[in-house]
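Peer 1: The structure that follows is given in the form of structure tokens.
Every number in this text was worked out from the coordinates using simple rules, so none of it is lab data. This structure is a prediction, so every number in the text was calculated from the model and none was measured. Note that we place each Cβ from the backbone using ideal geometry, even for glycine, and neighbour counts take in every protein chain shown.
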Amino acid sequence: MTPVLLFAAALAAAPPAAGAHLDGNRNVATLVNVEDYPAEALRKREQGTVAIRLDIDAAGRLTACTVTQSSKSASLDAATCRIMTERARFVPARDDRGRAVPDTMTTRVMWRIAPDLDSATEAAVIAWANCMADAARPLLPGTPSNEAVADKVIGSCPSEEEAVLAAVAKQPPGSGPANPAEARAGIRSLLVEAIAAARSRARP
């Protein structure tokens, strides 16, 4: 799992509402693996975020997956719904009397091609992502914008951030961000998307 997917998954710790949700209170990010990246999209260096609507029946079965906002890559859009159809298992929604009813769920899946990093740098990035996820989770209900959450969170783990930026500075030219400032800006951009994805679990 890439650090971005890990961060999005880590944000999915809040208990589900009465609406339909993934079995085990999982986040859709946990259904997607690095190996799922479509070969065509990798070849074309295509990246993007796919917004989807999932229709779930009273038995918890996924009956339809609709792309509501395209990533601008046909292969990424198609892969997203294929993975949901093959792997997603749901706990159905309940009405006021506790009876199972059909429901819809909206969410996003981010597809990003990570730069090649050595194992030590990758471990540092994952540690930073976990720390930021812990800091972001309590801010999701009350902080008005995804950008505001990212701005509060990105400075909340100074030792983890320092380790990542120091490791990035040692990377060979062309193997990752050009400098620590570029790395931090890239992380912030991905944070905003991961926070948006976590918040999109709320029912429309």
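Peer 1: How long are the semi-axes of the ellipsoid equivalent to segment 33-155, from square roots of 5 times the Cα gyration tensor eigenvalues, in whole Å, largest first?
Peer 2: Working from the Cα gyration tensor, I get semi-axes of 29, 23, 14 Å.
Peer 1: I'd like the FRET efficiency for Ala120 and Cys65, computed as 1/(1 + (r/R0)^6) with the beta carbon distance as r and R0 of 45 Å, rounded to 0.05.
Peer 2: The pair Ala120/Cys65 has a calculated efficiency of 0.70.
Peer 1: Treating cross-link reach as a plain straight distance, find the aspartates and glutamates whose alpha-carbon is under 20 Å from the alpha-carbon of Lys170, omitting any fewer than eight places away in the same chain.
Peer 2: Excluding near neighbours in sequence, the set is Asp116, Asp118, Glu122, Glu160, Glu161, Glu162, Glu182.
Peer 1: Sequence-distant or interchain residues sharing an amide H contact under 5 Å with Val101, placed H: which?
Peer 2: Those qualifying (amide H under 5 Å, at least 5 residues apart or on another chain) are Ala93, Arg94, Asp95.
Peer 1: A follow-up question, please. Based on the mean of other Cβ atoms within 10 Å per residue, sort peptides 34-42, 53-61, 100-108 so the most packed one is first.
Peer 2: My ranking of the peptides, most packed first, is 100-108, 53-61, 34-42.
Peer 1: Another one. Starting from the Cα of Lys44, draw a straight line to each of the lysines and keep only those under 17 Å, dropping any in the same chain fewer than 8 residues away.
Peer 2: Candidates past the 8-residue exclusion: Lys72.
Peer 1: How far apart, in nm, are the 7 Å Cα→Cβ label points at Val101 and Arg199?
Peer 2: Taking the simple label geometry, Val101 and Arg199 are separated by 2.7 nm.
Peer 1: I'd like the Karplus ³J(HN,Hα) series for segment 81-94: coefficients 6.51, -1.76, 1.60, θ = phi - 60°, whole numbers in Hz, and an x wherever there's a Gly or Pro.
Peer 2: Whole-Hz 3J(HN,Hα) from phi for segment 81-94: 5, 4, 5, 4, 5, 7, 10, 6, 10, 10, 8, x, 5, 10.
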